[in-house]
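The values are calculated or read from the model by the stated rules, or taken from the named source; none is laboratory data. Since the structure is predicted, the reported quantities are computational estimates derived from the model, not experimental observations. Neighbour counts run over all protein chains shown; Cβ positions are idealised from the backbone, glycine included. Just the protein is used for accessible areas: all its heavy atoms, side chains included, with ligands, DNA and RNA removed. Shrake-Rupley method; radii C 1.70, N 1.55, O 1.52, S 1.80 Å.
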Amino acid sequence: MKEESKRSIDKASQQMIDKAAKEKVKLSWDRLEDMEPQCGFGQLGICCRNCTMGPCRIDPFGEGPQKAVCGADVDTIVARNLLRHIAVGAAAHSDHGRDVAHTLLLASEGKAHDYEIKDVEKLKKIAGYYEIKTDGKKKEELAREVAEASLADFGRQEGEIKFANRAPAKRVELWRKLGIMPRGIDREIVECLHRTHMGVDNDYKNILLHGLRTSLGDGWGGSMIATELQDIFFATPEPIRGKVNLGVLKEDLVNIVVHGHEPILSEMAVKASQDPELLEMAKKSGAKGINLVGMCCTANEILMRHGVPVAGNFLQQELAIMTGAVEVMMVDVQCIMPALKDIASCFHTQIITTSPKAKFPGVTHIEFKEEKAYEVAKSIIKMAVDNFKKRKKERVDIPKEEMDLVAGFSAEVIHHILGGRFRATYRPLNDAIISGRLRGVAGVVGCNNPHVKHDWAHLELVKELIRSDVLVLQTGCSAIACAKAGLMKPEAGFKYAGYGLREICEAVGIPPVLHLGSCVDNSRILIAATEIIKEGGLGDDLSCLPAAGAAPEWMSEKAITIGMYFVASGVFTVFNPPQPILGSKNVSDLVCSKLKDLVGGYFAFESNPKKMAKLMINHIDKKRKELNLKPVMYKPIIVKT
Ligand code: SF4
Ligand code: MSK
């Protein structure tokens, strides 16, 4: 097998991996090889450097030291490390949410005049959750109150995060009983750091319970605030067509890749890329126009609302630059490889950082300011136009692969699609599950990781699920992986879905795999699941649902936090690679088994996507049985690929 096809199943990516090898440009896969063998202590989670009596590491074979200098045992060390991962993931998502809330506040005060409130209906709905009266108020006044209320959720010291009360009543009661109802988003994150300081929390169960609480503060707090407030600003997504893969870069256009997570600046970049003055400049530079495309979750954000093309997912960020056709890669925060600077230096590509939180040494920084958002976006696009002249034609090599997709499935839109615009309801979905036409629902999300063949696990898992009549909801880089393979085309139902799911896809006109957005939009999955419970007939708690989650190629700490809030919300969730906890039998048993008795959800670690699907399907079938539902109507079809 050729080296490039061992690394990715995606043809466009293979072409660029091959080009990089020929040009001796190192990619993440090469750097992983250089790094091997990687540290086994780190993989097992059994090293600690939380104080200078250490670093300490526990001997995994039981022959060497079993107690650290301070006396910490392996359970304490592994649990503390996991809690720190959860804190970082929650911090990343929640800081994103805070930035959106802050921008909403500025906009409501007339200080961020480039932004307008597009979804007043949603603004009123969210005001309702914060118990803010809406009558007779101007949208700016209401937006200010909503922004202030959501910002208060970050710093809240006592009480409960408001959105956590959107979960089914039984779930909320359980969280209260276990003492894991999140109080304030920041408070829980800070407490993670306090508890893991040398000599504080030594009880692995107690540490893990706080991990669940912190993750809930992300899923039902920071991430949900990010999603809801972005919808208020930029409109709640509706089905929209788009294109995906490196083929969306064009030889005759000025190519700008926006990469990262927060749509606050990229929304303005979308607008600025259509500015007549810049288009004119682009023509004068010899280009036919300006082509703005996305990468990773920023891509998902602007795809969902504008149909902006997606160049690729996490492991394609370096490959986009390898095309030699990217004038500017504009980045904000999260999942941006430091390696971009080195790869860009081999081409004419300019990397431009925009967040004061994420700078690169020696890389151009144009700081984003909400107060002059359009001006900043325009100046960056102008730099791209100017840079077009420096492109070396002989080094341009753009893969031809690009795939059609339909995205834009917010929880609200699923409501409308299923029930019609005037009678929005999840009833048809519930009925389909109850009757056995649909086996259940799965959320498949998360990153790429060079430890796993790029996109392979996502695709194999999702294909297996849909052929077994499981409707798949997706976000993040997983969604991009499946979109590239054509699973998000409406006609994908005919080719890949089981008979029951196929009937639903045909009747409602949806693909068998629904794109719900970026990583923070995993909160949409929580809301959709809650709506299904509210609709009735499938139990009274999220843990009753014939549903499961998976992150088949995860790498980021945010993925751990997402997994934790899925599990804390009652959802069985499969991860690959395993979380770095296998060094402690007690912590692993808790995470992969005993959590079930506490919160209904728990984890499994499985690297084979077919087995992963089996675990999820078995869980879904078990839940169907517990609900006394009819047997599933159809046997899984054999799919011809
Ligand atoms: Fe070692 Fe304990 Fe210090 Fe960690 S906190 S480095 S286990 S002495
Ligand atoms: S971007 S967190 S690699 S999904 Fe959200 Fe993709 Fe994972 Fe980053």
Between Met53 and Gln38, what is the label-point separation in nm under the 7 Å Cα-to-beta-carbon projection? 3.0
Taking 2.2 N^0.38 Å as the expected size of a compact globular protein, what ratio does the Cα radius of gyration of the stretch 106-183 give against it, to two decimals? 1.29
Taking a crude spin-label model, label points 7 Å out from Cα along the C-beta direction, the Glu506 to Lys284 distance in nm is 5.7
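Under 1.5 on a/c is rounded, so check that first for the stretch 280-376, then, if it is not, pick prolate when a/b is larger than b/c and oblate when it is not; a ≥ b ≥ c are the square roots of the alpha carbon gyration tensor eigenvalues.
Because its axes are fairly even, with a/c under 1.5, the stretch 280-376 counts as rounded.
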Would you mind working out the magnitude of the charge dipole of the chain relative to its Cα centre, with +1 at each Lys and Arg C-beta and -1 at each Asp and Glu C-beta, to the nearest 20 Debye? 1160
Kindly report, to the nearest 10 Å², the accessible surface of Glu318 as traced by a 1.4 Å probe over protein heavy atoms only. 0
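At a Förster distance of 25 Å, what's the computed FRET efficiency of Lys22 paired with Lys390, Cβ-Cβ distance as r, to 0.05?
Result of the calculation: an efficiency of 0.65.
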So, taking all protein chains as they sit and a 1.4 Å probe, how much accessible area belongs to Glu626, in Å² rounded to tens? 110
Provide, in order from the shortest bin, the percent of all Cα-Cα pairs of the stretch 66-110 in each 5 Å bin, continuing until the bin that contains the maximum pair distance. 5, 19, 14, 12, 11, 9, 8, 7, 6, 5, 3, 1
How long, wide and thick is the stretch 74-234, going by the Cα atoms along their three principal axes, in whole angstroms, largest first? 57, 33, 22
If you average the C-alpha positions of the stretch 503-520 and of the stretch 604-636 separately, how far apart do those two centres end up, in angstrom? 20
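Considering only protein heavy atoms, with the full assembly of protein chains and a 1.4 angstrom probe, order Lys372, Lys177 by accessible area, largest first.
From most exposed to least exposed: Lys177, Lys372.
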Volume per residue of the C-alpha convex hull in the stretch 406-626, rounded to whole Å³: 102
May I ask you to derive the FRET efficiency for His451 and Lys11 from their Cβ-Cβ distance with R0 = 25 Å, giving the value to the nearest 0.05? 0.70
I'd like to know which of Ala21, Gln38, Pro55 lies farthest towards the positive end of the charge dipole of the stretch 3-57, counting +1 on Cβ of Lys and Arg and -1 on Cβ of Asp and Glu. Pro55
Listed pairs Lys162/Lys625; Lys6/Lys389; Lys288/Lys489; Lys288/Lys390; Lys122/Lys382; Lys596/Lys622 exceeding 24 Å between Cα atoms: Lys162/Lys625; Lys6/Lys389; Lys288/Lys489; Lys122/Lys382
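If the chain between Phe494 and Val69 were fully stretched, how many nm would it gain, using 0.36 nm times the residue separation less the Cα-Cα distance?
Contour length minus Cα-Cα distance gives 146.9 nm.
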In terms of solvent-accessible area of protein heavy atoms at a 1.4 angstrom probe, what is the ranking of Glu121, Glu238, Glu228, highest value first? Glu121, Glu238, Glu228
Leaving ligands, DNA and RNA out of it, work out the accessible area of Ser345 with a 1.4 Å probe and give it in Å² to the nearest 10. 90
Dipole check, the chain, charges on Cβ (K,R +1; D,E -1), about Cα centroid: among Val376, Gln157, Tyr129 the Cα furthest to the positive pole belongs to Tyr129
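Output the direction-averaged projected area (hull surface divided by four) of the convex hull of the alpha-carbon atoms of the stretch 526-641, in nm².
Mean projected area of the Cα convex hull: 8.6 nm².
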How big is Rg to Rh over the stretch 343-473, alpha-carbon atoms, Rh as the Kirkwood inverse-mean-distance radius? 1.12
How large is Rg over Rh for the stretch 3-57, taking Rg from the Cα atoms and Rh as the Kirkwood inverse mean of 1/r across Cα pairs? 1.25
Show Val258, Val396 ordered by accessible area, largest first, where the area counts protein heavy atoms only and the probe is 1.4 Å. Val396, Val258
Checking the cross-link filter: which aspartates and glutamates have an alpha carbon closer than 15 Å to that of Lys359, excluding same-chain neighbours under 8 positions apart? Asp332, Asp342, Glu367
Over the chain, with the other protein chains present, what is the accessible area per residue in square angstrom, probe 1.4 angstrom? 38
Test item: Cα-centred dipole of the stretch 147-219, Lys/Arg +1 and Asp/Glu -1 on Cβ, debye: 360
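Ignoring any ligand, DNA or RNA, what whole percent of the accessible area of the chain comes from carbon and sulfur when the probe is 1.4 angstrom?
On the way: 12930 of 24140 Å².
On the chain, the fraction of accessible area on carbon and sulfur atoms equals 54 percent.
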I want to verify the translational diffusion coefficient of the chain in µm²/s; compute it with Stokes-Einstein, Rh as the Kirkwood radius over Cα pairs, at 20 °C and 1.002 mPa s. 86
Based on DSSP H assignment, which helices of the chain show an axial Cα extent of at least 18 Å together with a mean Kyte-Doolittle hydropathy greater than or equal to 0.0? 74-108, 204-217, 373-387, 522-535
